[in-house]
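Novice: Dropping a structure here in structure tokens format, bear with me for questions.
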Amino acid sequence: MLGFIGTGNMASAIIKGVLSSGLLKGEEIGVYDLQSEKAQALSAEYGVKTYSSASELTENCEKIVLSVKPNVISAVLSEISNKAKEKNPLFISIAAGKTLSFLSSCVDFEGKFVRVMPNINAVVLSAVSAFCAGENVSEDEKLFVEKLLSSFGTAVEIKEDLFSVFSAIAGCSPAFSYMYIDSLARGAVKNGMPRETALKIAAQAVLGSAKMILESDEHPWTLVDRVCSPGGTTIEGVTSLKEDGFEAAVMNAVQASFDKDKKM
């Protein structure tokens, strides 16, 4: 049984992915939330089982996704520590900024913890998620986590000291990408194209470009050169972006996000 303590947007997205992929069935998933109506809504939509307390869920689930806010995760683990000590479940934490050592310090036994960072695109089953596992986690349990994350996107195992970097280029970058797509669309609107049409075209162009990088095995700048005909329109746009500091602005945004994450 896979349990979720907390049923916010990310938990809902993960459950949707798990069920869509066929990894688990609704009756193999349990949920608990302080706001019981949120858990009941998930039960009505997906057929998952609801529990009346975090301790009750812990008693019945071998794997538990901790999908609560970072500022309350310590209290949640403290609340269920006694029951977890008996069952020794696999804990999968999606709490931003909470390290494996911090999570382990919240219980009085040698717990099994995996730290995960998905991104908002899990809502449309297109997330990229990073994970790292504590020393008590078995290979089979790590494989389960990878399958779980792959059910709503792509999973990448990284070293824990790279989580801040991952956060900057995967956790924060959807917002940067949304801004870029919106800016493309606004440029089209300026020149007479209806906004809805412009957004659809811009978003699909960016989606296709990302797919090209992932599948072509070519460096991004090689692909840039392929699009830029001598004296053509694209090289004019690329030159304008470079003159306006496009690359530096993006790298500075990544650095600012990284620096903030390290301070949290």
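Novice: Among Gly22, Gly47, Gly6, Gly17, which is among the small types (Gly, Ala, Ser), on the phi > 0 side of the Ramachandran plot and within 18 Å of the chain's Cα centre (by Cα)? Before the answer, list the steps.
Specialist: Numbers: Gly22 fails: within 18 Å of the chain's Cα centre (by Cα); Gly47 fails: within 18 Å of the chain's Cα centre (by Cα); Gly17 fails: on the phi > 0 side of the Ramachandran plot.
Residue meeting the stated conditions: Gly6.
Novice: Could you look through segment 87-108, keep only residues that are under 16 Å from the mean Cα position of the chain (by Cα) and under 19 Å from Leu57 (Cα atoms), and pick out the one that is surrounded by the fewest Cβ atoms within 10 Å (Cβ to Cβ)?
Specialist: Ala95
Novice: In segment 119-135, what count of residues is obtained for those that are under 20 Å from Val107 (Cα atoms) and crowded, with 16+ Cβ neighbours inside 10 Å? Please lay out each step first, then the result.
Specialist: We begin by selecting, within segment 119-135, every residue under 20 Å from Val107 (Cα atoms); these are 132-135.
Now narrow it down to the ones that are crowded, with 16+ Cβ neighbours inside 10 Å: 132-134.
Selection size over segment 119-135: 3.
Novice: Additional query: Show me the helices (runs of 4 or more DSSP H) found entirely inside segment 130-232 where at least 3 residues are out of contact with any strand residue (DSSP E or B) (no Cβ under 7 Å at 6 or more places or on another chain), of a type outside the set (Gly, Ala, Ser) and in the same structural domain as Ile14 (by TED's automatic domain parsing).
Specialist: Working: elements: 139-150, 163-166, 173-190, 195-216, 220-227.
In segment 130-232, 139-150 are the helices (runs of 4 or more DSSP H) which contain 3 or more residues that are out of contact with any strand residue (DSSP E or B) (no Cβ under 7 Å at 6 or more places or on another chain), of a type outside the set (Gly, Ala, Ser) and in the same structural domain as Ile14 (by TED's automatic domain parsing).
Novice: Continuing with the same structure: Could you check how many residues of segment 54-69 are crowded, with 24+ Cβ neighbours inside 10 Å and of a type outside the set (A, V, I, L, M, F, W, C)?
Specialist: Count: 2.
Novice: I'd like to check something: does segment 72-87 contain any residue that is outside any helix (DSSP H, G or I), in contact with a helix residue (DSSP H, G or I) (Cβ under 6 Å, 6 or more places away or on another chain) and free of Cβ contacts under 8 Å to residues at least 40 places away in the same chain?
Specialist: Let us first name the residues in segment 72-87 that are outside any helix (DSSP H, G or I), namely 72.
Next, only the ones that are in contact with a helix residue (DSSP H, G or I) (Cβ under 6 Å, 6 or more places away or on another chain) stay: none.
No, segment 72-87 has no match at all.
Novice: If you don't mind, there's one more thing I want to ask. Considering only segment 159-185, state which residues are in contact (Cβ under 8 Å) with a residue 12 or more places away in the chain, of a type in the set (D, E, K, R) and more than 18 Å from Val124 (Cβ to Cβ).
Specialist: Answer for segment 159-185, where residues must be in contact (Cβ under 8 Å) with a residue 12 or more places away in the chain, of a type in the set (D, E, K, R) and more than 18 Å from Val124 (Cβ to Cβ): Lys159, Glu160.
Novice: For segment 103-127, how many residues are within 30 Å of Ser20 (Cα to Cα) and either outside the structural domain of Lys83 (by TED's automatic domain parsing) or of a type in the set (D, E, K, R) (or both)?
Specialist: Qualifying residue count for the region: 2.
Novice: Can you confirm whether Lys242 is closer than 23 Å to Val128 by Cα and either assigned to a helix (DSSP H, G or I) or modelled with pLDDT of 95 or more (or both)?
Specialist: Details: closer than 23 Å to Val128 by Cα: no; either assigned to a helix (DSSP H, G or I) or modelled with pLDDT of 95 or more (or both): yes.
Against the criterion (closer than 23 Å to Val128 by Cα and either assigned to a helix (DSSP H, G or I) or modelled with pLDDT of 95 or more (or both)), Lys242 does not qualify.
The values are calculated or read from the model by the stated rules, or taken from the named source; none is laboratory data. Since the structure is predicted, the reported quantities are computational estimates derived from the model, not experimental observations. Backbone-built Cβ (ideal geometry, glycine too); neighbour counts: all protein chains shown.
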